[in-house]
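Colleague: Submitted below is the structure of interest, expressed as structure tokens.
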Amino acid sequence: MAISVVMPALEMAQETGKIISWLKKEGELVVKGEPLLEIETDKAVMEIESPADGVLAGLKAQAGAEVPVGRTIAWIVRPGEALPAEEVAAASGRKITTASASAPAPTLPLSSTQAASQKLKISPKARRLANERGVNLNDVRGTGPGGEILASDILASAESKTTASATSPGNISAISRLMADRTAESWKTVPHFFLTREINAEALNEAKRNLGPEIEKSHAVKLTHTDILVAVVARVLGKHTRINASWTGNGSRENHEVNVGLAMAVDDGVVAPVIRNADKANLSEIAAQRRDLTDRARSGKLRPIDLADGTFTISNLGMFGVDAFTAIIIPPQAAILAVGAITDRVVAVDGRPAVRPMMTLTLSSDHRVVDGARSADFMRDLAQAIANYRPTLG
């Protein structure tokens, strides 16, 4: 029995998904659970698995297509099995066979583009050009007699797509568009205010020196200053529920979990995947989660769940040599912490000048949720927690 492959709904209010690439070719054997294609939603690029064992057949949408949720985009059939009746009419009823060393090349059903080309009036030269340029005949309006598609129509369509790809904002990924929209909306609607403190980072450096080699040996992951900050910040957030709260539109809501997002730069924007229950995780667990999220963010493999339910965000630009900056809150969160570089500075110690490793932290807060005094209390407790940090692996 043929099994349909449909565009899934991976997020609330999702109406369409964009096909990024097919990981299997039409006529190729697939196994249930094996990655079949990649799709892009508003939040992430995800791999979709095959729903059954069989042969991939009857592809109805190619890479780049925006497809409504729930629509069939392909079929999984048994070797030798025909497509369902409604597909047979569109694909000439040809059966799928699989290739083997002793068998002839498989006979495949017509693709949607091929099927459409048989119904359209089109010159042989135009059909050849369409195949060479990858032009979908359904998108071309024929200018020849009776609406026949001419070679000039194909060339015009190909040129139009090339120009649009190079000049329009449509070549920006959905994730980049989403983050740009959220950032602009946050800056326009959220009443930000900012508090800055210089922090002595000796304890962070000591923790990294002492525990880094052991964690790398036991968990094959390098410990970073960001990992340590996540651990410290998460525990302080447990005592400052207003900083860990969210704005609902009608008022603030306290969150019972401490889920720390990490702002990460990717090729086409910034994402903030979340380390869940960070206040209950140890350093090695945080480091392992951070590395996994970073690797998948850079390869475009983040899942919607990776970006959901954050209650606070850390944005660290210290590794880029940035001394201090302010960050924009990610709604509905109430605050975000901007972290600058750790640098040796001359500071007063017991009334005398001394050189210490210092860093600048800047807290952006939503004034609808938290006032200046509460934010100041949080920054004071965070500074003390960092200065007195004595980490353990457990």
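Colleague: Output ³J(HN,Hα) for the stretch 203-209: one whole-Hz value per residue in order, computed from phi by the Karplus curve 6.51 cos²θ - 1.76 cosθ + 1.60 with θ = phi - 60°, and x for Gly and Pro.
Modeller: Values per residue, Gly and Pro as x: 5, 5, 4, 5, 4, 5, 5 Hz.
Colleague: Still on this structure: Students often get this wrong, so check it: of LYS24/LYS301; LYS18/LYS301; LYS18/LYS125; LYS217/LYS301; LYS280/LYS301, which have C-alpha atoms separated by over 20 Å?
Modeller: Checking Cα-Cα distances, LYS18/LYS125; LYS217/LYS301; LYS280/LYS301 exceed 20 Å.
Colleague: Still on this model: Please state, to two decimals, what the Cα-based radius of gyration of the stretch 174-387 comes to when divided by 2.2 N^0.38 Å (N = residues).
Modeller: Relative to the rule-of-thumb radius for its length, the stretch 174-387 sits at 1.00.
Colleague: Taking the Cβ of ALA151 as the center, what net charge do the other residues with Cβ under 10 Å away carry, scoring Lys and Arg +1 and Asp and Glu -1?
Modeller: Taking every other residue near ALA151 into account, the sum is +2.
Only the coordinates and a few stated rules stand behind these numbers; no lab work does. Everything numeric here is computed off the predicted structure, so don't read it as measured data. For neighbour counting, all protein chains shown are included, and Cβ atoms are generated from backbone atoms with ideal geometry for every residue, glycine included.
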